[in-house]
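Input: a single structure, listed below in structure tokens.
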Amino acid sequence: MKTYLVTGGAGFIGSNFIIYMLKNFKDIKIINLDSLTYAGNLNNLKEIESDVNYHFVHGDIRDNFLVNKIFEDFKVDYVVNFAAESHVDRSIEDPETFVKTNVLGTLNLLNCAKKAWYVDGKWKEGKRFHQVGTDEVYGSLGETGYFTESTSLDPHSPYSASKASSDLMVKAYFDTFQMPITITRCSNNYGPFQFPEKLIPLLINNAINHKALPIYGDGLNVRDWLYVEDHCKAIDMVINNGTIGEVYNVGGHNERKNIEIVKEVIEYLNREYDNTITEELITYVEDRKGHDRRYGIDPSKIKDELGWYPETSFEKGIIKTIKWYLKNKQWMEEITSGEYENYYNKMYNK
Ligand code: NAD
Ligand code: TDX
């Protein structure tokens with residue numbers, strides 16, 4: 001029975017990962033450590049919250065006493081570090097919070113894992129520290145080419161700089177201490193439980209409330225979209241079968257211009273939900289500072305070595321996603337009240 005310490009498990013990808021793992025494996029235990037920032041929501045985990053193999057701990061990944069205690073109380077085998085400040089626009093407003101959680105938080109987890117796993121001059125068997133990274137650390141592509149694992153790191157936003165720093169700290173613990181680590185770097189995820197500050201849920205939420213759909217710059221920036229469950233599967237495969245010390249890029253050759261995404265969402269909602277939702281809602285706004293033009297992942301390594309591939313096509317995934325948000329309007333209303341409203345009004349001056 002393996003015990004996973006999942007950090008940030010009340011956020012978007014973390015909650016999908018916990019649900020995916022508990023649904024697929026009966027012989028694992030999951031400890032979810034989350035400080036419940038604006039992005040963390042325990043309602044995401046309703047369907048598994050009473051599972052005997054699930055345990056929630058409310059706390060910060062920077063809390064050295066607490067994290068050491070978790071390692072003592074539970075025989076942690078795997079750390080899967082999702083906990084992060086994850087939104088680029090917020091990092092432009094407040095870079096420091098990103099360094100505190102993403103860099104110092106990761107460092108604290110590494111130190112606690114080392115303390116628990118490195119005993120009498122050797123590493124205990126069967127341990128793994130997995131860092132959930134992002135393709136944004138590679139910077140921005142021109143019209144051609146893809147990010148491979150050997151692409152130089154060239155982050156542009158405070159968010160991606162903090163994620164690059166945390167990846168490098170994890171790598172340093174492998175290079176210096178031979179800590180058993182792996183890193184995945186994934187492209188843009190979409191699916192259930194994503195906080196509606198990110199493009200796809202923001203579009204759905206605004207459209208159904210007949211609010212403007214803000215498009216940064218010319219709308220021609222490209223992102224490589226991956227359905228969240230495919231990402232969860234990739235992480236599981238890398239933890240269990242990936243080579244220690246290695247980085248794996250995760251993405252699905254699913255590139256779309258932002259404006260194409262907006263039009264697809266409008267088209268579906270107009271046809272299936274409310275025919276007053278039209279392209280008139282599209283509003284071009286000032287571009288994001290340092291806005292990366294294009295991300296595109298080359299996933300050959302994870303495909304060739306581990307047999308992973310994205311199972312959900314964008315055409316199917318986007319419909320599944322829109323339907324989920326329509327069915328869970330209350331989740332959206334709850335999560336967007338209070339702090340989010342203030343943030344949204346500040347960002348878009350509405
Ligand atoms: P999210 O913002 O939805 O969730 C982050 C979670 O971390 C929240 O539950 C929050 O409460 C928790 N958290 C934040 N600070 C914490 C702290 N100091 N201690 C404990 N918990 C804390 O993020 P997400 O979109 O689910 O992303 C998860 C991870 O995946 C992040 O590391 C992100 O960089 C990475 N990633 C995200 C994407 C994407 O498209 N969303 C793509 C690639 C990589
Ligand atoms: O209102 C918007 N209008 C708009 O045009 C928002 C929120 C975004 N955009 C654009 C900016 C990007 O080009 O859409 C694209 C996607 O934006 P986000 O959803 O903010 O994602 P991105 O900045 O690409 O980063 C995401 O993918 C990589 C996640 O937020 C990161 O956590 C992850 O590492």
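Give just the number: which of (1) in contact (Cβ under 8 Å) with a residue 60 or more places away in the chain; (2) within 16 Å of ligand 1 (Cβ to nearest atom) does ALA164 not satisfy?
Every listed condition holds for ALA164 apart from (1).
Quick test of your reading of the structure: VAL132 fulfils all but one of (1) surrounded by fewer than 23 Cβ atoms within 10 Å (Cβ to Cβ); (2) within 12 Å of ligand 2 (Cβ to nearest atom). Name the failing condition by number.
(1)
Within the stretch 221-275, which residues are assigned to a loop (DSSP other than H, G, I, E, B) and touching a residue at least 60 places away in the same chain (Cβ under 8 Å)? Spell out how you get there, then give the answer.
Restricting attention to the stretch 221-275, the residues satisfying the condition of being assigned to a loop (DSSP other than H, G, I, E, B) are 221, 225, 242-246, 251-254, 273-275.
Listed by number, the residues that qualify are ASN221, TRP225, GLY242, THR243, ILE244, GLY245, GLU246, GLY251, GLY252, ASN254, TYR273, ASP274.
Would the stretch 113-130 turn up any residue that is within 12 Å of ligand 1 (Cβ to nearest atom) and either at pLDDT 95 or above or of a type in the set (Gly, Ala, Ser) (or both)?
Yes.
Working only within the stretch 102-151, note down all residues that are β-branched (Val, Ile, Thr), farther than 22 Å from LYS2 by Cβ and without any contact (Cβ under 8 Å) to a residue 60 or more places away in the chain.
Result: THR134, VAL137, THR144, THR151.
May I ask you to verify whether TRP123 is touching a Pro at 6+ places or on another chain (Cβ under 7 Å) and aromatic (Phe, Trp, Tyr)? Let's see the steps before the verdict.
Details: touching a Pro at 6+ places or on another chain (Cβ under 7 Å): yes; aromatic (Phe, Trp, Tyr): yes.
Judged against the criteria, TRP123 is a match.
Of all the residues that make up the stretch 5-43, how many are assigned to a helix (DSSP H, G or I) and more than 12 Å from ligand 1 (Cβ to nearest atom)?
As a first pass, look at the stretch 5-43 and keep what is assigned to a helix (DSSP H, G or I): 12-24, 42-43.
With more than 12 Å from ligand 1 (Cβ to nearest atom) added as a condition, the list becomes 19-24.
Here the count works out to 6.
Return yes or no: is ASN64 touching a helix residue (DSSP H, G or I) at 6+ places or on another chain (Cβ under 8 Å), at pLDDT 95 or above, of a type in the set (S, T, N, Q) and more than 16 Å from PHE195 (Cα to Cα)? Let's see the steps before the verdict.
On the way: touching a helix residue (DSSP H, G or I) at 6+ places or on another chain (Cβ under 8 Å): yes; at pLDDT 95 or above: yes; of a type in the set (S, T, N, Q): yes; more than 16 Å from PHE195 (Cα to Cα): yes.
In short, yes.
Taking only the stretch 155-169 into account, find how many residues are within 13 Å of ligand 2 (Cβ to nearest atom), in a helix (DSSP H, G or I) and not aromatic (Phe, Trp, Tyr).
Within the stretch 155-169, the first condition is being within 13 Å of ligand 2 (Cβ to nearest atom), and the residues that meet it are 155-164, 166-167.
Keeping just the survivors that are in a helix (DSSP H, G or I) gives 158-164, 166-167.
Right, trim to not aromatic (Phe, Trp, Tyr) and you get 158, 160-164, 166-167.
Of the residues in that region, 8 qualify.
Condition first: farther than 25 Å from LYS289 by Cβ, within 14 Å of ligand 2 (Cβ to nearest atom) and at pLDDT below 95. Can you find one or more residues in the stretch 236-252 that meet it?
Checked the stretch 236-252: at least one residue is farther than 25 Å from LYS289 by Cβ, within 14 Å of ligand 2 (Cβ to nearest atom) and at pLDDT below 95.
For the stretch 210-221, check the following and say yes or no: at least one residue is within 16 Å of ligand 2 (Cβ to nearest atom) and closer than 30 Å to ARG62 by Cα.
No, because not a single residue in the stretch 210-221 is within 16 Å of ligand 2 (Cβ to nearest atom) and closer than 30 Å to ARG62 by Cα.
The values are calculated or read from the model by the stated rules, or taken from the named source; none is laboratory data. Keep in mind the model is a prediction, meaning the values are calculated, not measured. Note: ideal-geometry Cβ built from the backbone for every residue, glycine included; neighbour counts use all protein chains shown.
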